[in-house]
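Beneath this line is the structure, given in structure tokens, with notes to follow.
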Amino acid sequence: MRAQLMEREIFISEVANNAKVLNRTINDDDLLRFVVEEVVDRVSLYLRYDLDDKFDPRLVKVVARVASSVFKETNNNVDSEETETAIKSMSDNGQSITYGDATRNYLATVDDGELFGGCSRLLQSFRRIRGVSSKR
């Protein structure tokens, strides 16, 4: 028997509920909702889903694990005035190092493989193929 596919809103709610199970320190439902929606957007783009596509329920726990780790990262930086201290430039003999001062924006800068971690291989099997039609 085939599993019933889930609407986006139901999928988001289930992912949020499972993220709370994985991370019992989550107490900001607004931030959690924002993070889960953003992670679901990234997963949708990665899987090449359209906005009205339904989700396989087997992805709930996988996406919840990703959302839980992204929540931890986001929660640490949400109200922080810290800036990212990545090395922007470096000299050799003069030994000068310049640090970047861009504000952290984890999801905007991290690539799919790093974001999904060990789950990227699993998610690949759910990716859709996009065909290109050449009508003349």
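Taken together, the values in this text are just the output of simple stated rules run on the coordinates, not laboratory data. Just so it is clear, the model here is predicted, and its values are computed rather than measured. Note: ideal-geometry Cβ built from the backbone for every residue, glycine included; neighbour counts use all protein chains shown.
For region 1-80, what is the relative contact order in percent, using Cα pairs closer than 8 Å and at least 6 residues apart in sequence?
Reported relative contact order: 49 percent.
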Exercise for the section: List the residues whose amide H sits under 5 Å from the amide H of ASP56, counting only those 5 or more places along or on another chain, with H placed 1.01 Å from N in the peptide plane. Expected result: MET6
Practice task
Quick one: what are the phi-derived ³J(HN,Hα) couplings along region 23-33, Karplus 6.51/-1.76/1.60 with θ = phi - 60°, whole Hz, x for glycine and proline?
Solution key: 10, 6, 8, 5, 10, 10, 5, 5, 5, 4, 4
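If you put +1 on each Lys and Arg Cβ and -1 on each Asp and Glu Cβ, how big is the dipole of region 1-53 around its Cα centre, in Debye rounded to 20?
Computed about the Cα centre, the dipole is about 340 debye.
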